[in-house]
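Following: one structure in structure tokens, then a few remarks.
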Amino acid sequence: MLLKDLQSVFNFSITSGQVFSNLIVSLICGLAISLFYRWTYRGPNYSRSFVNSLIILSMITSIVIVVIGNNLARAFGLVGAMSIIRFRTPIKDAHDIVFIFFALTVGLAAGVGLYKVAITGTLFVGFVMLLLNTFNYGTYRRKEYLLQFSYKVESGEDPPYLAVLKKYCKEHKLINVRSMGSKKLIELSFYIGLKDELKGNRFVEEFNNLANIQNVNLFFDSDHEV
């Protein structure tokens, strides 16, 4: 009985034609997934090797599922063999993690012969991703201005610009302070959100009239994304 169980571990009932079909479907779906990734990725760390890996990952997953089949002993054997693999590269972008899971799932479907599920799932999920990317779903946009000016520091006095910022701005955030070569002269940079954008000129004029304020510049940061 034990001998028969051991023989069944290496008994593959799937034909070479089925294996080839599984690989072809996983290859086609992997190529489609890689294209969807290229069309939807917007980050700064685009990697050609990652795009190629998505294709190979789909095919490898298909092979793994074919090897496992419905044999529990084979499954445990593969888990033990693959436990030696360690991923040294951290994946920080959720977008990349989603596509890795996408490729694994499609490869699994192709490996068990569910070709319609693999192809339909690839096209439908990819189409949804394209729609979300096209319409910028989930992106919060706001209009921000960058305010820069030079200020001569006077000891024992509150900065006069704070009152003007509170008067015209619904929010303001200090992002940079730079020395101008003099011990008392500094350059300040703020991100601000104006209460009324039509009063931007009046805001700059009032800022220019403040004591110890020089070189006032207001830059529009169009459609700042958060």
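The values are calculated or read from the model by the stated rules, or taken from the named source; none is laboratory data. Just so it is clear, the structure is predicted and the values come from calculations on it, not from any experiment. Backbone-built Cβ (ideal geometry, glycine too); neighbour counts: all protein chains shown.
May I ask you to verify whether ILE97 is in the same structural domain as LEU54 (by TED's automatic domain parsing) and over 30 Å from GLY17 (Cα atoms)? Walk me through it before giving the result.
Values: in the same structural domain as LEU54 (by TED's automatic domain parsing): yes; over 30 Å from GLY17 (Cα atoms): yes.
Taking the combined requirement at face value, the residue satisfies it.
Which residue pairs have Cβ atoms under 6 Å apart, sit 6 or more places apart or on different chains, and have a first residue in segment 198-226 that is over 14 Å from LYS167 (Cα atoms) and a second that is at pLDDT 85 or above and of a type in the set (D, E, K, R)?
none
Would you be able to say whether some residue in segment 146-159 is modelled with pLDDT of 75 or more and within 23 Å of the chain's Cα centre (by Cα)?
No: segment 146-159 contains no residue that is modelled with pLDDT of 75 or more and within 23 Å of the chain's Cα centre (by Cα).
Take segment 157-203 and flag every residue that is in a helix (DSSP H, G or I) and buried (at least 16 other Cβ atoms within 10 Å of the Cβ).
Answer for segment 157-203, where residues must be in a helix (DSSP H, G or I) and buried (at least 16 other Cβ atoms within 10 Å of the Cβ): TYR161, VAL164, LEU165, TYR168, PHE203.
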